[in-house]
Ligand SMILES: Cc1cc2nc3c(=O)[nH]c(=O)nc-3n(C[C@H](O)[C@H](O)[C@H](O)COP(=O)(O)OP(=O)(O)OC[C@H]3O[C@@H](n4cnc5c(N)ncnc54)[C@H](O)[C@@H]3O)c2cc1C
């Protein structure tokens, strides 16, 4: 199938892109890597009169250290971030999550910003952004604003971005020494979206866990923070106990891929495994 016809815009400046969005309202859609949008258009699950392509917009493809954060521009390709030594050294959780996205062909075109703006609850990168308390930079006709990841993911495929805003960058906090990170997920086949997944970061001092973050994906309408499990871990619970706590606070629904009960059961296991791996790395 082919998409419905649309007007294609290729702005070169952020101001031009946001002006086009403001002019055409909900008749316009941003195009980044096209790995989610183009299949939706081709299958005619969605249609828009105007596509605003960000790929030629200047200033959206840098990876840089800024004030204790790693700033990743909106159209940095997932494959570029995956192979970046800066990303691996500064935000290992992002580095570890990226290879789980689909297949390398998808990551060659798909963007970090596109994955986060798309806000698929089964996606890895929104969970990483949420778990790390990342800051989303939104650019609109009136300038830029910062949105905490905790406020960004509103519902399935819905974010706090206004119709005339683009996600221009994501700022991930850089953790200090004694940290460890892990990503665990269950998929039916390599490259599929996860039936359930967990991203974990811990920081230790000797035997004590001093900082813990756990993000879940594929088990709710948005990525979720397993706050009760984080608190349990900080209070001395072991990985298996924290996994059970994480699972006891979610209510995934049944769908064609798996039942909610199965996803809940799997969550306890993958959270345990991710905590064990993150602790091992933090202590090594
Ligand atoms: C076979 C297959 C398997 C996949 N498996 C996975 C997987 O396992 N895990 C996973 O996370 N993803 C998976 N994906 C999706 C892939 O990661 C996409 O790259 C990603 O979801 C969207 O990024 P994109 O740059 O391609 O965005 P696009 O497809 O161009 O856009 C997606 C949506 O986000 C909006 N958007 C994009 N960028 C911006 C921006 N800067 N500002 C505002 N809005 C924006 C668009 O308007 C659109 O609504 C898969 C895709 C395919 C085709």
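The values are calculated or read from the model by the stated rules, or taken from the named source; none is laboratory data. Computed from a predicted structure; not experimentally measured. Heads up, the Cβs are rebuilt from the backbone with ideal geometry, glycines too, and the neighbour counts pull from every protein chain shown.
Residues in the range 134-157 that are surrounded by fewer than 22 Cβ atoms within 10 Å (Cβ to Cβ) and in contact with a helix residue (DSSP H, G or I) (Cβ under 6 Å, 6 or more places away or on another chain): 140, 141. Taking the range 118-166 as the range and being part of a loop (DSSP other than H, G, I, E, B) and closer than 28 Å to residue 255 by Cβ as the test, the residues that pass are 119, 120, 121, 122, 123, 132, 134, 156, 157, 160, 161.
Table: residues versus (1) out of contact with any helix residue (DSSP H, G or I) (no Cβ under 7 Å at 6 or more places or on another chain); (2) at pLDDT 95 or above; (3) assigned by TED's automatic domain parsing to the domain that holds residue 166.
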{"position": "15", "(1), (2), (3)": "yes, yes, no"}
{"position": "20", "(1), (2), (3)": "yes, yes, no"}
{"position": "23", "(1), (2), (3)": "yes, yes, no"}
{"position": "37", "(1), (2), (3)": "yes, yes, no"}
{"position": "69", "(1), (2), (3)": "yes, yes, yes"}
{"position": "83", "(1), (2), (3)": "yes, yes, yes"}
{"position": "88", "(1), (2), (3)": "no, yes, yes"}
{"position": "91", "(1), (2), (3)": "yes, yes, yes"}
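Scan the range 226-244 and give yes if some residue there is surrounded by 21 or more Cβ atoms within 10 Å (Cβ to Cβ) and either within 14 Å of the chain's Cα centre (by Cα) or closer than 30 Å to residue 19 by Cα (or both), otherwise no. No, there is no match, as no residue in the range 226-244 is surrounded by 21 or more Cβ atoms within 10 Å (Cβ to Cβ) and either within 14 Å of the chain's Cα centre (by Cα) or closer than 30 Å to residue 19 by Cα (or both). Of all residues in the range 130-146, those being more than 11 Å from the ligand (Cβ to nearest atom) and within 14 Å of the chain's Cα centre (by Cα) number 6. Please go through (1) within 16 Å of the ligand (Cβ to nearest atom); (2) touching a residue at least 60 places away in the same chain (Cβ under 8 Å) for residue 189 and return the number of the only condition it doesn't satisfy. Here residue 189 meets the rest and fails (2).
Quick check, is residue 176 surrounded by fewer than 16 Cβ atoms within 10 Å (Cβ to Cβ) and closer than 23 Å to residue 86 by Cβ? Can you show your working first?
Details: surrounded by fewer than 16 Cβ atoms within 10 Å (Cβ to Cβ): yes; closer than 23 Å to residue 86 by Cβ: yes.
For residue 176, the condition - surrounded by fewer than 16 Cβ atoms within 10 Å (Cβ to Cβ) and closer than 23 Å to residue 86 by Cβ - is met.
Test residue 103 against the criterion of being exposed (fewer than 15 other Cβ atoms within 10 Å of the Cβ), outside the structural domain of residue 13 (by TED's automatic domain parsing) and within 8 Å of the ligand (Cβ to nearest atom), and give yes or no. It is true that residue 103 is exposed (fewer than 15 other Cβ atoms within 10 Å of the Cβ), outside the structural domain of residue 13 (by TED's automatic domain parsing) and within 8 Å of the ligand (Cβ to nearest atom).
Which residue, of 150, 127, is closer than 19 Å to residue 224 by Cβ and near the ligand (Cβ under 10 Å from one of its atoms)? Spell out how you get there, then give the answer.
Values: 150 fails: near the ligand (Cβ under 10 Å from one of its atoms).
Only one candidate qualifies: 127.
Residues 127, 160: which one is in contact with a strand residue (DSSP E or B) (Cβ under 6 Å, 6 or more places away or on another chain) and surrounded by 24 or more Cβ atoms within 10 Å (Cβ to Cβ)? Just a single option satisfies the conditions, and that option is 127. Being farther than 25 Å from residue 19 by Cβ, within 10 Å of the ligand (Cβ to nearest atom) and either in contact with a strand residue (DSSP E or B) (Cβ under 7 Å, 6 or more places away or on another chain) or in the same structural domain as residue 230 (by TED's automatic domain parsing) (or both) is not true of residue 168.
For every residue, the table says whether it meets (1) within 19 Å of the chain's Cα centre (by Cα); (2) more than 9 Å from the ligand (Cβ to nearest atom); (3) surrounded by fewer than 18 Cβ atoms within 10 Å (Cβ to Cβ).
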position: 40; (1), (2), (3): no, no, yes
position: 49; (1), (2), (3): no, yes, yes
position: 58; (1), (2), (3): no, yes, yes
position: 72; (1), (2), (3): yes, yes, no
position: 78; (1), (2), (3): yes, no, no
